[in-house]
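In what follows, a single structure is set out as structure tokens and then discussed.
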Amino acid sequence: MKFTLENTCSNSEARAGVFKTAHGDIETPIFMPVGTAGSVKGVHIKELKEDVKAQIILGNTYHLYLRPGMEVMEAAGGLHKFNGWDKPILTDSGGFQVFSLGDIRKLTEEGVKFQSHIDGSSHMFSPENSMNIQRSIGADIIMAFDECTPGDAPYDYAKKSMDLTHRWLDRCYAQLEKVPPKYGFEQSLFPIVQGCVYPDLRKQAAKHIAGYNSDGIAIGGLAVGEKEETMYEMIEVVNEVLPEDKPRYLMGVGTPVNILEAIDRGVDMFDCVMPTRNGRNGMIFTQKGIINIRNKKWESDFTPVDPDGTSYVDHQYSRAYLRHLIISKEMLGAQIASIHNLAFYLWLTNEARRQIKNNTFKAWKEAIIPQLKNRL
RNA sequence: GGGGAGAUACCAAAGUGGCCAACUGGGGCGGACUGUAACUCCGCUGACUUUCGUCUUCGUAGGUUCGAAUCCUGCUCUCCCCA
């Protein structure tokens, strides 16, 4: 088993642990910056390591398959070699695109036919070629090819969708048996618990997924339109069933508050585009609350971006300057905001880990959440 | 000196008798964004009003008309061309 549980809390389901990979250890709880096309948008690897303190980043099967394509990827020797990130990488399977590409795709038992958002060309994703592609990319953690069920799906659809995800999972495993890793290290497949907003389906999915000999388990299909309370309830239902000795990855979540609430309910890993995408659009997350840096009130605020911040950009630049850059659509603005937000997210999960080890997580969480919700 | 063009909201720029408080950009203000088709998208931007609506606007002063940013006349200003 690659995961070691180090601490649990007496008054919370929160856990601290370590996940071992061929490219280094991941200390949980952890936030994983999203690097869809092989880069965390606007952030250099040096900054990811030294300022953000990222331990693992994501890549995306769909995007990398379309560009640069697997021929280049394999010639490079995999994504680690290609982008120069020598720490752990996780790739999503393209399953989320099945959901987000909306009307330019068609779902069948075989897989998903979709049109490239780049040139409109037709392609097919299936459990088999998603695994093939993820072998070629060569991430340490790879994701099962699933259908990310929409949050407002009716029960019958959600059930069928879940069953399809389960059948696809068997095909994922079968394909990985056929095609060995390409770059001399092992890849861990994380299966995904679906079930939409229906507790009995979630429970059923969790039991089903727990039956596989995986290194970790993902919870998918949340934060896709349902209420936050519903999301928390689903996490509770699922984690009640999942084995303690495997890391639990809540896919695509979320706000700082979402993350703490999920950690409190026993989740270990997170990824989300929010710190980078929202950062580019002017949203700055801090311990004291959320700043919309485009607002006029920051026009002449020459204090640091975040006095409590852990990265150098927080102290190097002022809020007024960052506002100017974002409003002027200067690239540097997006970079500063991304580095700051990612550093904040990493601080948040690392501090949660520290509090868990100290058995003070619950009180700390209750105290900081009202602050995190503030609008500054 | 002669000839020509034009003055529209913060800026630029449509509109040339009723569908005009006035297209569209930009700027300004606010909001959204959760396994990234995203340096993107959505509102508002004359005044008062929650809405309905009311009032004051298209250089300026008059006029024609049931009705004018749009037609006519005077005035002021700007720009271009030729001397």
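The values are calculated or read from the model by the stated rules, or taken from the named source; none is laboratory data. It should be emphasised that the depicted structure is a prediction, and the values quoted were computed from it without experimental measurement. All Cβ positions, even for glycine, are placed from backbone atoms using ideal geometry, and neighbour counts span all protein chains on display. Accessible surface is based on the protein model in full, side chains and every heavy atom, while ligands, DNA and RNA are left aside. Shrake-Rupley method; radii C 1.70, N 1.55, O 1.52, S 1.80 Å.
What the table shows:
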read-out	value
Unmet criterion (only one of (1) out of contact with any Phe, Trp or Tyr (no Cβ under 6 Å at 6 or more places or on another chain); (2) within 30 Å of A:Ser39 (Cβ to Cβ)) for A:Ala320	(1)
Within segment A:115-148, tally of residues that are more than 8 Å from RNA strand B (Cβ to nearest atom) and without any contact (Cβ under 8 Å) to a residue 24 or more places away in the chain	6
Of all residues in segment A:265-283 being more than 10 Å from RNA strand B (Cβ to nearest atom) and buried (at least 24 other Cβ atoms within 10 Å of the Cβ), the one that is farthest from A:Val237 (Cα to Cα)	A:Met269
The listed residue being more than 22 Å from the chain's Cα centre (by Cα) and either buried (at least 16 other Cβ atoms within 10 Å of the Cβ) or at pLDDT 95 or above (or both), out of A:Asp170, A:Asp146	A:Asp170
Total residues in segment A:219-264, condition more than 14 Å from RNA strand B (Cβ to nearest atom), more than 22 Å from A:Thr4 (Cα to Cα) and either touching a Gly at 6+ places or on another chain (Cβ under 6 Å) or open to solvent by less than 10 Å² (accessible area, probe 1.4 Å) (or both)	0
The lone exception for A:Pro68 - which of (1) in a strand (DSSP E or B); (2) over 24 Å from A:Glu186 (Cβ atoms) it fails	(1)
Single condition A:Gly184 does not satisfy, out of (1) under 24 Å from A:Glu27 (Cα atoms); (2) in contact (Cβ under 8 Å) with a residue 12 or more places away in the chain	(2)
Criterion (touching a Pro at 6+ places or on another chain (Cβ under 9 Å), within 16 Å of RNA strand B (Cβ to nearest atom) and either in contact (Cβ under 8 Å) with a residue 40 or more places away in the chain or open to solvent by 30 Å² or more (accessible area, probe 1.4 Å) (or both)) met by exactly one of A:Leu66, A:Leu79, A:Leu48, A:Leu107	A:Leu48
